[in-house]
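Worksheet for the structure shown next.
The values are calculated or read from the model by the stated rules, or taken from the named source; none is laboratory data. These figures come from a predicted structure and were not determined experimentally. Cβ atoms come from the backbone with ideal geometry, glycine included; neighbour counts cover every protein chain shown. Note: areas computed on protein heavy atoms with side chains; ligands, DNA, RNA excluded. Shrake-Rupley method; radii C 1.70, N 1.55, O 1.52, S 1.80 Å.
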Amino acid sequence: MGFASYLRSAAPLLVFPAAALALIAFVLAIAGVSAGIIAIVCLVGIAACALVLGADWMRKREFFADLERAAEGIEHPLWLSEMVDRPEHLEGAITFDAVRAIAKTANDDVAASRRQLEDYREFVETWVHEAKSPLAAAHLMLDNMRDDPDQPEGGERLERLDSELRRVEGYIDQALFYARSETLDRDYLIRRYTVRTLVNDALRANAPTLIEAHATPELGALDFEVFTDEKWIAFILGQVVQNSVKYAPASGLRISFEARLVAQGTADERVELAVADNGCGVTPADLPRVFDKGFTGENGRTGKRATGIGLYLVKRLCDKMGVGVRADSVAGEGFTITFSFSTNRFHFVD
């Protein structure tokens, strides 16, 4: 708080001393006091006011200056009362107490919300694990029914039922990874992997879905090393694969995986993995929003049972893991998701 700012805030209070001095000067002039004496009295009054203002400013300056610095530079406003000492003057003390009371209430609310969110996340994780048990049992029952010669013919219906169970399982996995995305750092381990290993893991995990869609995976150059977490990347690639299957053309899905080394030898060196399909693609108007939560676009409104969660989760998890991701598409020709993995060896964990 500068002195000029302080004077502007105190200007209304200076009206009264100024009026008092003017009245004193007027009375002294009527009483026949010389002009020199009147001037001296006025100067003494002005000096007294200046001293009072200066002393008051010096008394308040440190507190309000600390308050301004803390408000501008503090990482979280709720910590403000912890960064400033309580002043002795009345206005500052009242301000400090009010700020501290507000901060305490807000911190209590934040803590309660975090506890509630943590409880909800733990419930979702528990529910997911419990829900997977009957799904696994249902898959086993279907396998037994296929192998039982005494069962009536209904292979197509069994396959459709198995497909729907896998779909439910996919949605459950989405719920699990969505819940864990808030605390990804607790279950995140960076190691060295080849891109081929990551892609093969994702293809194996989604093999039934790809077989059902008569999809043909095409693997290009994938023998590049990257530093990432295998489990999370497998899920991310699985979401991209499932998205491609959802929008597969009637002629059959082709999905390709191709990696390349970019900016070799520079600080920005990275491996880019492009996952491209020959699906219906995305219109130019929808492309910038494909990673938005709940956004399904024009193609998602044509009976594809799109939820707008898959690619949102892909972007969310990639951002948390430090993996770059972008989308490219030509409507009617295909859709491509490109991932960028840093090759910085300082990220390596044995």
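Among (1) polar (S, T, N, Q); (2) more than 30 Å from F227 (Cβ to Cβ); (3) outside any loop (DSSP other than H, G, I, E, B), there is one condition S256 misses while meeting the rest; what is its number?
Tallying (1) polar (S, T, N, Q); (2) more than 30 Å from F227 (Cβ to Cβ); (3) outside any loop (DSSP other than H, G, I, E, B), S256 fails exactly one: (2).
Looking at the stretch 212-220, can you tell me whether even one residue there is part of a helix (DSSP H, G or I) and open to solvent by 30 Å² or more (accessible area, probe 1.4 Å)?
The answer is yes, given that some residue of the stretch 212-220 is part of a helix (DSSP H, G or I) and open to solvent by 30 Å² or more (accessible area, probe 1.4 Å).
Output yes when any residue across the stretch 192-203 is open to solvent by 40 Å² or more (accessible area, probe 1.4 Å), in a helix (DSSP H, G or I), closer than 21 Å to V314 by Cβ and in contact (Cβ under 8 Å) with a residue 12 or more places away in the chain, and no when none is.
Yes.
Only one of (1) surrounded by 16 or more Cβ atoms within 10 Å (Cβ to Cβ); (2) under 23 Å from N200 (Cα atoms); (3) out of contact with any Gly (no Cβ under 8 Å at 6 or more places or on another chain); (4) modelled with pLDDT of 90 or more is not met by F291, so which one is it?
The one condition F291 does not meet is (2).
For residues that are over 25 Å from E68 (Cα atoms) and polar (S, T, N, Q), scanning just the stretch 99-124, find the one that is least open to solvent (accessible area, probe 1.4 Å).
Only one residue fits best here, namely S113.
Of all residues being of a type in the set (V, I, T) and touching a helix residue (DSSP H, G or I) at 6+ places or on another chain (Cβ under 6 Å) in the stretch 167-190, which is least open to solvent (accessible area, probe 1.4 Å)? Just the residue, please.
The extreme case among them is I172.
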